[in-house]
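Student: Take a look at this one; I'll ask things after.
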Amino acid sequence: MRSPRWLRRLGSSLLIGGQAVAATARGRINTIDLFDQLLEAGPGSFLIVIITGIAAGSVFNIQVAAELSRQGAGSTVGGILALGLAREIAPLLTATLLTGKVATAYAAQLGTMKVTEQIDAITMLRTDPVEYLVVPRLIAMVVMAPVQCLLFFGVAIWSGQITSTELYSIPPAVFWTSVRTWMQPDDLPFMLIKALVFGLQIAVLSCGWGLTTEGGPKEVGTSTTGSVVMILVTVALMDVLLTQILFG
């Protein structure tokens, strides 16, 4: 009895990811493609991260500030928002955005190359497809995911302070004092660790699903959808584990 296809593809993706990490450690990096992938995972995704950060910070803070102001605890708004963003919202939402923006592109690009036999052509030229195609994408996500997460956090905090001041008359000094009081020294580093792990997951699974695409062009769409589903599920599970380890 054969195992489910998604399980076989998950195993293949983990093997591909291990090869990519080993190649990176040996310094076998396609620097030409790396620059393009850094642009796609970084500046190419800044706008959607900024817009979502503004919306998330404002909406979350409106809900929190409204209730706390009624309870006479408006001075704690900034700290609660900062903790919520740093420990959970920023890394998880950033990973979701990068999955929709970058992982779909990775899976579709590599899937298209696989079904059109471009991967076979690269192999015939005695070039390792993992080193040539996966390593630059993996490095780009590992580098840019924490940067995007930090950008999301900064934008969301700023938008939260604006809404607190404009809608609930909480002075900026009170808001930022609360942020400094509530946040622990480890919160931001742990947030970036979460983002880095999520970035690694996104790169490995999207590239793995792309390289294991079989059949014709129709399968490219199936692989892209499958990679997004698998990434979201595994990121959610990893988030539970990392939250327990880092903040438990």
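Student: Among the residues of region 205-218, is there at least one that is over 21 Å from Thr99 (Cβ atoms) and open to solvent by less than 70 Å² (accessible area, probe 1.4 Å)?
Tutor: yes
Student: Out of region 56-74, which residues are aliphatic (A, V, I, L, M) and open to solvent by 50 Å² or more (accessible area, probe 1.4 Å)?
Tutor: Residues satisfying the conditions are Val59, Ile62.
Student: Can Leu81 be described as free of Cβ contacts under 8 Å to residues at least 24 places away in the same chain and either buried (at least 18 other Cβ atoms within 10 Å of the Cβ) or in contact with a strand residue (DSSP E or B) (Cβ under 7 Å, 6 or more places away or on another chain) (or both)?
Tutor: So Leu81 fails the test.
Student: When you look at Thr222, is it open to solvent by 20 Å² or more (accessible area, probe 1.4 Å) and either modelled with pLDDT under 95 or not hydrophobic (A, V, I, L, M, F, W, C) (or both), yes or no?
Tutor: Yes: the conditions hold for Thr222.
Student: Still on this model: Considering every residue within region 95-114, establish whether at least one is open to solvent by 10 Å² or more (accessible area, probe 1.4 Å) and modelled with pLDDT under 90.
Tutor: Checked region 95-114: no residue is open to solvent by 10 Å² or more (accessible area, probe 1.4 Å) and modelled with pLDDT under 90.
Student: Count, please, the residues in region 37-85 that happen to be assigned to a helix (DSSP H, G or I) and closer than 19 Å to Thr177 by Cβ.
Tutor: 18
Student: Something else about it: Name the residue that is nearest to Leu188 (Cα to Cα), counting only residues in region 139-153 that are buried (at least 24 other Cβ atoms within 10 Å of the Cβ) and within 9 Å of the chain's Cα centre (by Cα).
Tutor: Only one residue tops the list, namely Cys149.
Student: Which of the residues spanning region 1-31 are in a helix (DSSP H, G or I), open to solvent by less than 60 Å² (accessible area, probe 1.4 Å) and not charged (D, E, K, R)?
Tutor: Within region 1-31, Leu10, Gly11, Ser12, Ser13, Ile16, Gly17, Gly18, Ala20, Ala22, Ala23, Thr24 qualify.
The values are calculated or read from the model by the stated rules, or taken from the named source; none is laboratory data. These numbers come from a predicted model, not from an experiment. Because the Cβ atoms are built from the backbone with ideal geometry, glycine has one as well, and the counts that use them run over all protein chains shown. For the accessible areas, the whole protein counts, side chains as well, though only heavy atoms, and no ligand, DNA or RNA atoms are used. Shrake-Rupley method; radii C 1.70, N 1.55, O 1.52, S 1.80 Å.
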